[in-house]
Amino acid sequence: MPQDPDITQLLEQAANGNESALTSLLPVVYDEMRRLAHRQLQGERRDHTLNTTALVHEAYLKLVKLERIRWQNRAQFFALAAQAMRRVLVDYAVKRKALKRGGGQAHVSLEDATVLSEQQAESILALNEALERLKAISERQHQVVEYRFFAGLSIEETADMLDISIATVKRDWAVARAWLNRELQHEPVLLNPE
């Protein structure tokens, strides 16, 4: 991802308390967020209601509600955007699983009830649980997976975000990928060896 001075400038303005900077940011980052959302939704049913646009908007709303964040740069923004998208997908999967079990019998719209198939919800939850276990073992490897897999950052950008060497990112990425693939060997969501 090349550095975009407009994004960095808007993020700096937002960090300095300029709330309108975050509003101005959406049109600038929208295409890249759609690419991230599309990547996160790969393998999902084509007809479910949580489409790329909905995921972008849900994630962006989560991002603008972050109050104690010190915005730094484009890479950090997109890494946090990818994390927000993952949280949205996990929330939908949890909701889907609760609906399947009767989940308190609360009123749920048809749109929310048909978001994910049972298998997709299980896969998302399994990936999330595996990532949480990885985080307990190695916070840095967890962050490398978040930046590389979910945010689509390059090895160099990940190294820059974490302030570690490129060799360390490569090693952490390989180890974390192998560990997660072993943990998820019975799930359809596997991390590709890039």
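The values are calculated or read from the model by the stated rules, or taken from the named source; none is laboratory data. Worth saying up front: this structure is predicted, and the values here are computed from it rather than measured. Virtual Cβ from ideal backbone geometry, glycine too; neighbours counted across all protein chains shown.
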- line: Of the candidates Glu146, Glu129, Glu122, the one satisfying the condition of being of a type in the set (Asp, Glu) and modelled with pLDDT under 80 is Glu122
query: Name the residues in the stretch 53-91 that are closer than 14 Å to Leu25 by Cα, surrounded by fewer than 22 Cβ atoms within 10 Å (Cβ to Cβ) and either in contact with a Ser or Thr (Cβ under 6 Å, 6 or more places away or on another chain) or β-branched (Val, Ile, Thr) (or both), would you?
result: Val64, Asn73
Unmet requirement for Trp71, which otherwise passes all of (1) touching a residue at least 24 places away in the same chain (Cβ under 8 Å); (2) assigned to a helix (DSSP H, G or I); (3) in contact with an Asp or Glu (Cβ under 9 Å, 6 or more places away or on another chain): (2)
- prompt: Does Ala106 satisfy the condition of being surrounded by fewer than 18 Cβ atoms within 10 Å (Cβ to Cβ), at pLDDT 85 or above and among the aliphatic types (A, V, I, L, M)?
  reply: no
- prompt: Out of the residues in the stretch 159-173 that are surrounded by 13 or more Cβ atoms within 10 Å (Cβ to Cβ) and charged (D, E, K, R), which is farthest from Phe78 (Cα to Cα)?
  reply: Arg171
message: On the basis of being part of a loop (DSSP other than H, G, I, E, B), touching a residue at least 60 places away in the same chain (Cβ under 8 Å) and either out of contact with any helix residue (DSSP H, G or I) (no Cβ under 8 Å at 6 or more places or on another chain) or closer than 20 Å to Asn128 by Cβ (or both), does Leu36 make the cut?
response: no
message: Filter the stretch 52-85 down to the residues that are of a type in the set (D, E, K, R) and over 15 Å from Leu153 (Cα atoms) and list them by number.
response: Glu58, Lys62, Lys65, Glu67, Arg68, Arg70
